[in-house]
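Report on the following structure.
The values are calculated or read from the model by the stated rules, or taken from the named source; none is laboratory data. Not measured: the values here are computed from a predicted model. Here the Cβ is made from the backbone with ideal geometry for all residues, glycine too, and neighbour counts use every protein chain on show.
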Amino acid sequence: MSQSQVSDVAAVDQLASKYRELREEIAKVIVGQDEVVKLVLISLFANGHSLLVGVPGLAKTLLISTIAEVLDLEFKRIQFTPDLMPSDITGSEVMDESRNFKFNKGPLFSNIVLADEINRTPPKTQAALLEAMQERSVTVAGVRHILPSPFFVLATQNPIEQEGTYPLPEAQLDRFMFNIPLDYPSYEEEIRVVKETTANKEVTLRDILSGEEIVEFQKLVRKIPIADNVLEYAVNLTAKTRPNGDKATEQVKNYISWGAGPRASQYLVLGAKTHAAINGKYSPDIEDVQAIANYVLRHRIVRNYRAEAEGLTEADVIANLL
C-alpha cells in the first residue's frame with residue numbers, strides 16, 4: 001500500500017470518528033430524527049444540497065442551525081415569500097458616500113443557507129438560488145462573485161399547504177442531491193422534546209469541525225475507490241427508472257412518465273461513497289447505494305395519472321426496483 005493510500009485510509013477513519021462526534025453533539029439538542037441528521041451530514045460531506053419536506057413545527061430550522069453550530073460555520077436563514085426578489089438573496093450594487101458603486105452581499109454569502117419554504121417564492125427568485133447552488137457563485141451587474149466554501153443549501157417545503165405556492169420544476173428539483181421526508185416524532189421522542197423544551201435547560205455545543213476540514217473531507221470522498229460492479233449497479237438503477245429505456249421494468253413502463261437523469265447516478269455514487277466512509281468502510285458496496293437510493297431518486301421520477309389514481313407512490317416504485 002502506497003503512502004498516499006495509507007493517509008487516505010487514516011483520513012476515512014478520521015471522517016468516521018468525526019461523524020460519530022457530530023451525531024453525539026447534535027443529539028444534545030435534536031431528539032430523534034436520526035435518519036434525517038445522517039442524510040443532511042452525508043449531503044454536506046458529498047458537497048450536495050438537500051430538500052427537506054415536512055409539515056411545520058418539526059424543528060427543521062433548529063436542526064440546521066444546530067448542525068451549523070457544531071460545524072463552526074456561518075449560518076443564514078432566508079424566509080421565502082411571494083414578494084422576495086433575486087437581489088434580496090444575492091445582494092445588490094449600492095452607491096457609497098464617495099458616489100462609487102460597491103457590492104452589498106446578500107444572505108446567500110454564507111456557509112450554510114436555510115431556504116425556508118422555497119416553494120413560496122416566484123420562479124425568478126427560485127432560479128437565482130438554484131443558479132448559486134449549481135455555480136457556487138452569483139452574477140450581479142455583470143460581475144461574478146464567488147460564494148464561500150463550503151457552501152450548502154438546505155431548502156424546506158411544506159407538503160400539505162399548496163395555496164399560493166410555486167412548485168419547483170423537475171429540472172430545478174434535480175439540483176438537490178437528496179429529497180428528505182421529515183415525519184412526526186414517535187410518542188417517546190415527543191415526550192422527551194416537550195420535557196426538554198419546556199424546562200429551563202441550556203445546552204452549550206462544541207465546535208467539532210471547521211470549514212477547512214469539511215472541504216478536505218469533501219475532496220476525500222471523491223478519492224474513495226468504488227468497484228466497477230457497484231458503480232454499474234448505481235447507473236443500472238437510474239436507467240431502470242426511465243420508462244422508454246430498454247432496462248425499464250413493467251411497473252416503470254406503466255406508472256412512470258419521466259425517469260431520473262445522469263445526475264442521479266452521480267449522486268448515488270457520491271452518496272454511497274460517503275455512506276461507506278461515515279461507517280468506517282474504505283469502499284462502498286451495493287448496500288451503501290441501496291441505503292441512500294430512495295432519497296436520491298424520489299424527486300427525480302414523475303408518476304403518471306394512472307399511478308396517482310391507484311395510489312402508487314414514488315417510494316413504492318423505488319422499493320420495487322431495489
Enumerate the helices (runs of 4 or more DSSP H) found wholly within the range 277-322, keeping only those where 3 or more residues are within 20 Å of the chain's Cα centre (by Cα).
286-297, 314-321
Which pairs have Cβ atoms under 8 Å, sit 6 or more apart or on different chains, and link a residue in the range 155-167 that is not assigned by TED's automatic domain parsing to the domain that holds Asp116 to one that is modelled with pLDDT under 75?
none
Would you mention how many residues in the range 92-106 are part of a strand (DSSP E or B) and more than 12 Å from Lys76 (Cβ to Cβ)?
8
Are any of the residues in the range 246-260 assigned by TED's automatic domain parsing to the domain that holds Ala309, of a type in the set (Gly, Ala, Ser), part of a helix (DSSP H, G or I) and in contact (Cβ under 8 Å) with a residue 24 or more places away in the chain?
no
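Yes/no per residue for (1) crowded, with 22+ Cβ neighbours inside 10 Å; (2) modelled with pLDDT under 90; (3) within 17 Å of Arg175 (Cβ to Cβ); (4) in contact with a Pro (Cβ under 8 Å, 6 or more places away or on another chain):
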| residue | (1), (2), (3), (4) |
| --- | --- |
| Thr238 | yes, no, yes, yes |
| Gly245 | no, yes, no, no |
| Glu250 | no, yes, no, no |
| Lys253 | no, yes, no, yes |
| Leu268 | yes, no, yes, no |
| Ala277 | yes, no, no, no |
| Gly280 | no, yes, no, no |
With respect to the numbered conditions (1) over 28 Å from Gln14 (Cβ atoms); (2) without any contact (Cβ under 8 Å) to a residue 24 or more places away in the chain, which one is the sole condition not fulfilled by Ala291?
(1)
How many residues are touching a residue at least 40 places away in the same chain (Cβ under 8 Å) and over 17 Å from Ile286 (Cβ atoms) when one looks only at the range 191-240?
21
Residues that are assigned to a loop (DSSP other than H, G, I, E, B) and surrounded by fewer than 16 Cβ atoms within 10 Å (Cβ to Cβ), drawn from the range 73-89
Glu74, Thr81, Pro82, Asp83, Met85
Qualifying positions in the range 136-182 - among the acidic types (Asp, Glu) and under 23 Å from Val289 (Cα atoms):
Glu170, Asp174
If only one of Val252, Val221 is among the β-branched types (Val, Ile, Thr) and closer than 18 Å to Ala276 by Cα, which one is it?
Val221
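If I ask for residues that are in a helix (DSSP H, G or I), among the basic types (Lys, Arg) and loosely packed, with under 12 Cβ neighbours inside 10 Å, which ones from the range 178-221 would you list?
Lys195, Lys219
Of the residues Thr156, Thr139, Thr165, Thr125, only one is over 30 Å from Glu314 (Cα atoms), of a type in the set (S, T, N, Q) and surrounded by 13 or more Cβ atoms within 10 Å (Cβ to Cβ); which?
Sole residue among the options that is over 30 Å from Glu314 (Cα atoms), of a type in the set (S, T, N, Q) and surrounded by 13 or more Cβ atoms within 10 Å (Cβ to Cβ): Thr139.
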Answer yes or no: is there a residue in the range 300-311 that is surrounded by 23 or more Cβ atoms within 10 Å (Cβ to Cβ) and not charged (D, E, K, R).
yes
